[in-house]
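These notes concern the structure reproduced below.
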Amino acid sequence: MPLVIAIDGPAASGKGTLAKRLADHYGLPHLDTGLLYRAVALALIDAGLPLEDQAAAGQAARDLDAGKLDDPRLRERAMGEAASRISAVPAVRAGLLAWQRRFATDPQGAVLDGRDIGTVVCPEAGVKLYITASSEERARRRHRELAGRGEAASFAAILADIEARDARDASRAAAPLRMADDAVRLDTTDLDADAAFDEARAIVERARGDAA
Ligand code: DC
């Protein structure tokens, strides 16, 4: 049975790092689905279109070249905010769904991380993790990460961003951020990256054991 690991959680929870490490550990392909939403936002911005243009956003999602997700602008703070806004548009979500599902059906299995992987994209995933951490800790991590890339922003501004993004992602009507009923919650507030990885791997091993 291919191993599909679905990882969800709020902004800057560390789910991306964990997803990458789990993918490396199990030799599986990894998809950061947040990049797809960021790429749709960037396509609108590059075309000079407003983020409110829902028809254009839906078209950009359907036209997305998912092979081109390495533009460094996708990682910028403003793009996370823009992605959160366009991700509430049902046509955008629908436009990206089939591609994500195809990725998840790789015969080897796959690791996907995002907001709705366990609930919508891969409801049949063998392992579902919901990664979280306090908003202050997430803001501290994001602050460090942005500073490391030379993108200056105040801690207060980042915390405000994170809280606004959580509220928007959790309250939208289309596929809101929500823990799947059968997901295992992992709070990484007091864990460093290695401890979080050890816990996540233990959860995967338990879930595989249960399924065997
Ligand atoms: O994980 P991220 O910060 O790169 O995601 C950016 C935005 O994209 C996030 O605020 C909401 C949206 N998103 C989503 O709605 N569903 C996903 N599966 C992944 C991201």
* Asked: Checking Glu124 against (1) more than 23 Å from Gly48 (Cα to Cα); (2) open to solvent by less than 70 Å² (accessible area, probe 1.4 Å), which single condition isn't satisfied?
  -> (2)
* **Residue pairs meeting the criteria (Cβ under 7 Å; at least 6 apart or on separate chains; first free of Cβ contacts under 8 Å to residues at least 60 places away in the same chain, in segment 52-72; second in a loop (DSSP other than H, G, I, E, B) and β-branched (Val, Ile, Thr))** => Gln54/Val89; Ala57/Val89; Gly58/Val89
* Output the number of residues of segment 159-184 satisfying the condition of being open to solvent by 50 Å² or more (accessible area, probe 1.4 Å) and among the charged types (D, E, K, R). => 5
* Given Arg102, Arg165, Arg178, which one is within 16 Å of the ligand (Cβ to nearest atom), closer than 18 Å to Asp32 by Cβ and within 16 Å of the chain's Cα centre (by Cα)? -> Arg165
* **Unique residue being crowded, with 17+ Cβ neighbours inside 10 Å, basic (Lys, Arg) and more than 14 Å from the ligand (Cβ to nearest atom) when the list is Arg38, Arg21** => Arg21
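Count, please, the residues in segment 84-97 that happen to be near the ligand (Cβ under 9 Å from one of its atoms) and open to solvent by 10 Å² or more (accessible area, probe 1.4 Å).
Going through segment 84-97, the residues near the ligand (Cβ under 9 Å from one of its atoms) turn out to be 84-88, 92-93, 96.
Imposing the further condition that a residue be open to solvent by 10 Å² or more (accessible area, probe 1.4 Å) reduces the set to 85, 88, 93.
Here the count works out to 3.
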* Asked: In segment 98-121, which residues are open to solvent by 10 Å² or more (accessible area, probe 1.4 Å) and not in a helix (DSSP H, G or I)?
  -> Thr105, Asp106, Pro107, Gln108, Arg115
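The values are calculated or read from the model by the stated rules, or taken from the named source; none is laboratory data. Predicted model only: the values in this text are computed from it and were never measured. Using ideal geometry, Cβ is built from the backbone for each residue, glycine included, and neighbour counts are taken over all protein chains shown. Surface areas here come from the heavy atoms of the whole protein model, side chains and all, with no ligands, DNA or RNA. Shrake-Rupley method; radii C 1.70, N 1.55, O 1.52, S 1.80 Å.
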